[in-house]
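Structure first, then comments.
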Amino acid sequence: MRKSLLARLPSALLLLAVVLLLSSCGWSLWDAPMTTVRPKSEFGRLTHQIFMLISWWTLGIGIAVEVGLLWACYRFREKPGQPIPKQVHGHTVLEVSWTVAFAVILLIFAVPTIPVIFETQAATPAQAMRIDVSGRQWWWEFRYPELKVVTANELHIPAGQLLAFNLHAPDVIHSFWMPQLGGKRDVIPGRVNRIMLAPDGPGEFPGQCAEYCGMSHANMRFRVIVQSKADFDRWAADQQKPAVQPTDPLAQKGLELFSQTTCVGCHTITGVSGGVLGPNLTHFASRKTLGANLMANTPENVAKWIENPGHMKPGALMPDLGMRGEQTKALAAYLLSLK
Ligand code: CUA
């Protein structure tokens, strides 16, 4: 017995090392961009409190079960010359009590959870700003109906303002997730789910589709930019302006190309086209990233995207329109003039 314990020492030490390593990773993960344990909104704090309640209870139950198990192993261990113990089957009192105990524990979890579910997906109250979110394959559209602003993949929101997100899915099921702000909810065709939250203060946070939705699910990201009220109002005012007319000859050529090809069938540029299948490009150059936060919004990347969208984002609905070289340069120059 003693020998076998000694023989197990190296594996026990290895297990301890793994646990320590994981817990140190855990400490740094807590401050990582996709962290959910440093909530930056009231919704985030409410869900985090429920998460911690469940975590502490399960930790306690885990410890109690392990201690009980170890005690039973020690207390009822085999001794030399001992006869076979009395054979029993079932124990009504024990079985009824642990069934009742766990039902009570589940009730302890349910009581604080149910109000949070109702509170955070209530109908839009008057003081909330409405934002219609559409999850599409594979990008996000954000509409601000009161402000008459439409944008894609970069969500600007004012700090401290109650926001009511209405989640739409024109194609397949997605999940709208802003880890640090606490919001995560399925986006389902045929119904409108809601998230209501108010971000604490300015900052930039990553967002991500959290439900497998096809080939480029992992490429369905977005940026959340929480701004002061003044900065947000400035941004919204810029977005409300019509698209700028290009002055640079290369960009002018790009506008001509854009207007003469099937680009106009899918993309809106106010005053130029009215397509709604792809992202609204009226203020394309005001966005820092391209392809649902896949890459920086630079002339090289825009040109690469136009020449081979399916390579940049596998499965992308945008076709290769056969434009190359000078044509894509001109188109990139035009799109990046749309501040
Ligand atoms: Cu959309 Cu995953």
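The values are calculated or read from the model by the stated rules, or taken from the named source; none is laboratory data. What you see is a predicted model, and the numbers here were worked out from it, not measured in a lab. All Cβ positions, even for glycine, are placed from backbone atoms using ideal geometry, and neighbour counts span all protein chains on display. Each accessible area value is taken on the protein alone, full model and side chains, heavy atoms only, with ligands, DNA and RNA left out. Shrake-Rupley method; radii C 1.70, N 1.55, O 1.52, S 1.80 Å.
Relative contact order of the chain: what whole-number percent is it, with Cα pairs under 8 angstrom and at least 6 residues apart? Please report the intermediate quantities before stating the final value.
On the way: 547 pairs, mean separation 49.7, N = 339.
About 15 percent, as a whole number.
If amide H atoms are built 1.01 Å from N in the plane of the peptide, which residues on other chains or at least 5 residues away come under 5 Å of the amide H of Glu154?
Here the answer is Arg223, since their amide H atoms fall under 5 Å of that of Glu154.
Take the Cβ-Cβ distance between Leu317 and Gln121 as r, set R0 to 25 Å, and report the resulting FRET efficiency rounded to the nearest 0.05.
Values: r = 30 Å, r/R0 = 1.19.
With a Förster radius of 25 Å, E is 0.25.
When the Debye formula is applied to the Cα atoms of the chain, each taken as the same point scatterer, what base-10 log of I(q)/I(0) results at q = 0.09 Å⁻¹?
-0.65
With each run of n ≥ 4 DSSP H residues scored as -39500 (n - 2.57), what mean residue ellipticity at 222 nm is computed for the chain after dividing by its residue count and rounding to the nearest 500 deg cm²/dmol? Walk me through the intermediate numbers first.
Details: 10 runs with 141 residues, N = 339.
Computed mean residue ellipticity for the chain: -13500 deg cm²/dmol.
If R0 is 22 Å, what FRET efficiency do you get for Leu16 and Arg38 from their C-beta distance, rounded to 0.05? All intermediate terms of the calculation are to be shown ahead of the outcome.
Working: r = 28 Å, r/R0 = 1.26.
Between Leu16 and Arg38 the formula returns 0.20.
Rounded to two decimals, what ratio of Rg to Rh does the stretch 130-195 give with C-alpha atoms and a Kirkwood Rh?
Numbers: Rg = 11.2 Å, Rh = 12.1 Å.
Dividing the radius of gyration by the Kirkwood radius yields 0.93.
Under a cut-off of 19 Å between alpha-carbon atoms, report the lysines in cross-link reach of Lys288, not counting same-chain residues fewer than 8 places apart.
Of all the lysines, those that pass the test against Lys288 - Cα under 19 Å, at least 8 places apart if same chain - are Lys241, Lys304, Lys313, Lys329, Lys339.
Based on DSSP, what percent of beta bridges with both residues in the chain are antiparallel, to the nearest 5? Provide the component values of the computation, followed by the final result.
On the way: 32 of 43 bridges.
Here the share of antiparallel DSSP bridges comes out near 75 percent.
In the stretch 144-161, which residues have a backbone nitrogen under 15 Å from the label point lying 7 Å from Arg130's Cα in the Cα-to-Cβ direction?
Output list for this probe position: 144-150.
Express the accessible area of the stretch 253-339 per residue in Å², computed with a 1.4 Å probe while the remaining protein chains stay in the model. Before the final figure, lay out the partial values.
Working: 3950 Å² over 87 residues.
About 45 Å² of surface per residue is accessible.
In the stretch 174-269, which GluC sites (Glu not before Pro) are in a loop and have at most 13 other Cβ atoms within 10 Å, using DSSP for the loop call? Display every interim value, and only then the final one.
Values: sites: Glu204, Glu211, Glu256; in loops: Glu211.
Hits after loop and neighbour filter: nothing returned.
How about Lys253: which aspartates and glutamates have a C-alpha closer than 15 Å to its C-alpha, ignoring those fewer than 8 places off in the same chain?
Here the aspartates and glutamates satisfying the reach criterion relative to Lys253 are Glu326.
When you count, for each residue, the other Cβ atoms within 10 Å and take the mean per peptide, how do 140-149, 55-64, 112-121 rank with the highest first? The partial results should precede the final answer.
Details: 140-149: 17.1, 55-64: 11.1, 112-121: 12.6.
Output ranking for 140-149, 55-64, 112-121: 140-149, 112-121, 55-64.
Could you tell me what percent of the accessible area of the chain is made up of carbon and sulfur, with a 1.4 Å probe and every protein chain present? Each step should come with its number before you reach the end.
Working: 13000 of 19620 Å².
The computed percentage sits at 66.
Along Cα→Cβ, 7 Å out, is where each label goes; now give me the distance between the ones at Arg45 and Val264 in nm to one decimal.
Each label point is offset 7 Å from its Cα along the Cβ direction, giving 5.3 nm.
Using θ = phi - 60° and the Karplus relation 6.51 cos²θ - 1.76 cosθ + 1.60, list the HN-Hα couplings for the stretch 322-339 in order, rounded to whole Hz, with x at every Gly or Pro.
Coupling constants for the stretch 322-339: x, 7, 9, x, 4, 4, 5, 4, 5, 4, 4, 4, 5, 4, 7, 8, 7, 5 Hz.
Going through the stretch 256-316, which trypsin sites (Lys or Arg not before Pro) have at most 16 other Cβ atoms within 10 Å and a DSSP loop state? Kindly include the intermediate steps, with their values, before the conclusion.
Numbers: sites: Arg287, Lys288, Lys304; in loops: Arg287, Lys288.
Qualifying residues, ordered by number: Lys288.
Search the structure for amide H atoms under 5 Å from the amide H of Thr282, placed 1.01 Å from N in the peptide plane, and list their residues when 5 or more places away or on another chain.
For Thr282, the qualifying residues are Thr270.
Report, ordered by chain and residue number, the lysines lying within cross-link reach of Lys184, taken as a straight Cα distance under 23 Å and ignoring same-chain residues fewer than 8 apart.
Lys40
Quick check for me: using +1 on Lys/Arg Cβ and -1 on Asp/Glu Cβ, what's the dipole size of the stretch 22-124 about its Cα centre, in debye to the nearest 20? All intermediate terms of the calculation are to be shown ahead of the outcome.
Details: 7 positive and 6 negative charges, 68 e Å.
Result for the stretch 22-124 is approximately 320 debye, rounded to the nearest 20.
Magnitude of the Cβ-charge dipole of the chain, K/R +1 and D/E -1, about the Cα centre, nearest 20 debye? Please list the in-between numbers first.
Numbers: 31 positive and 24 negative charges, 203 e Å.
Approximately 980 debye in magnitude.
Under the √(5λ) rule applied to the eigenvalues of the Cα gyration tensor, what semi-axes describe the equivalent ellipsoid of the stretch 97-228? Give them in Å, descending. All intermediate terms of the calculation are to be shown ahead of the outcome.
On the way: eigenvalues 161, 74, 40 Å².
So the three semi-axes of the stretch 97-228 are 28, 19, 14 Å.
Within 10 Å of each candidate Cβ there may be at most 10 other Cβ atoms; applying that plus a DSSP loop requirement, which trypsin sites (Lys or Arg not before Pro) in the stretch 176-221 survive? Walk me through the numbers before you get to the answer.
Numbers: sites: Lys184, Arg185, Arg191, Arg194, Arg221; in loops: Arg191.
Answer in residue order: Arg191.
How many angstrom separate the Cα center of the stretch 144-160 from the Cα center of the stretch 181-209?
13 Å
Whole number in Å², please: accessible area per residue of the stretch 68-161, 1.4 Å probe, ligands, DNA and RNA not counted.
Details: 6350 Å² over 94 residues.
Ligands and nucleic acids excluded, the result is 68 Å² per residue.
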